[in-house]
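Heads up: the structure comes next, in structure tokens.
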Amino acid sequence: MSQQTWDAVDAYFSETLVGHDPVLEAARAAADAAGLPRIAVAPNQGKLLHLLALTQGARRILEVGTLGGYSAIWLARALPADGELITLEIDPTHAGVARGNLARAGLDKVAEVRLGRAADSLAALAEEGAEPFDLVFIDADKPSNPEYFAWALKLTKPGSLIIVDNVVRGGAVADADSTEPATVGTRRLHELIAAEPRVSGTSVQTVGSKGYDGFTLVRVQR
Ligand code: SAH
Ligand code: DHB
Ligand code: MG
């Protein structure tokens, strides 16, 4: 199987099950026009996040790594009118594009982009006594995954779901000798999950328009 096949299958799933969505297409176009890297989740992955948030009955969602707000739109669309999504972004250009995209999507009342290092914003959320989040999507700098997971645990409650993107990266995660910081971080993340009695987690490999990668899903149990 080749990337060409994975692209064709993703295109088929996105055409049949996601369909034409002017808001999401405009968000991608605005991100491209601003020169943002093309690393947002694929449409069918965005819809997976959306369905997980709905299944979760999420009223509060936290995202680490906003980019142009593509995944944030999918997640925020699962919220009730009085729900809240907070998404953390270090790059002011990315944050600006995301704010524009969320406003065009009519989600600026429920979605807030916080600019700064995610580690600082997460500490600030804990400091301000933020209500626990029902779903956390971790998708920023991969070397910091262990730190983001630790914060996610502090900022959630029993029943919450923590999702981590890009945990496979072409298979790199299986290399115990890797010194690549992203791989080291993601392996450490798995060790933390395995050693944490309050959670139950699993990881799955995926192929698609974004190549060979995967997600980790962690349920906070107690
Ligand atoms: N979730 C987005 C994609 C995020 S890409 C989507 O699917 O649409 C990763 C983002 O994390 C980038 O925008 C990058 O600027 C941001 N990022 C990287 N390091 C960060 C840090 N230390 N704190 C906050 N954001 C960071
Ligand atoms: C890449 C993909 C991602 O989903 C991400 O969050 C960061 C980088 C990439 O393909 O390089
Ligand atoms: Mg990602």
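The values are calculated or read from the model by the stated rules, or taken from the named source; none is laboratory data. Values in this document were obtained by computation on a predicted structure and should not be read as measured data. Note that we place each Cβ from the backbone using ideal geometry, even for glycine, and neighbour counts take in every protein chain shown.
Residue selection: Leu217 satisfies the criterion of being under 18 Å from the mean Cα position of the chain (by Cα), in contact (Cβ under 8 Å) with a residue 24 or more places away in the chain and closer than 17 Å to Pro158 by Cα. Name every residue in the range 173-222 that is assigned to a helix (DSSP H, G or I) and hydrophobic (A, V, I, L, M, F, W, C), in order of residue number. Within the range 173-222, Val173, Ala174, Ala182, Val184, Leu189, Leu192, Ile193, Ala194, Ala195 meet the criteria. Note on the range 210-220: residues that are buried (at least 18 other Cβ atoms within 10 Å of the Cβ) and either aromatic (Phe, Trp, Tyr) or out of contact with any Lys or Arg (no Cβ under 9 Å at 6 or more places or on another chain) (or both) amount to 4.
Among the candidates Pro143, Pro132, single out the residue that is modelled with pLDDT of 95 or more and touching a Lys or Arg at 6+ places or on another chain (Cβ under 7 Å).
Step by step, each of Pro143, Pro132 is checked, and only Pro132 is modelled with pLDDT of 95 or more and touching a Lys or Arg at 6+ places or on another chain (Cβ under 7 Å).
Mind listing whichever residues of the range 28-73 are within 16 Å of ligand 2 (Cβ to nearest atom), over 17 Å from Leu102 (Cα atoms) and buried (at least 18 other Cβ atoms within 10 Å of the Cβ)? Residues satisfying the conditions are Ala42, Asn44, Gln45.
Restricting Ala124, Ala118 to those that are within 15 Å of ligand 1 (Cβ to nearest atom), at pLDDT 95 or above and under 22 Å from Thr186 (Cα atoms) reduces the list to Ala118.
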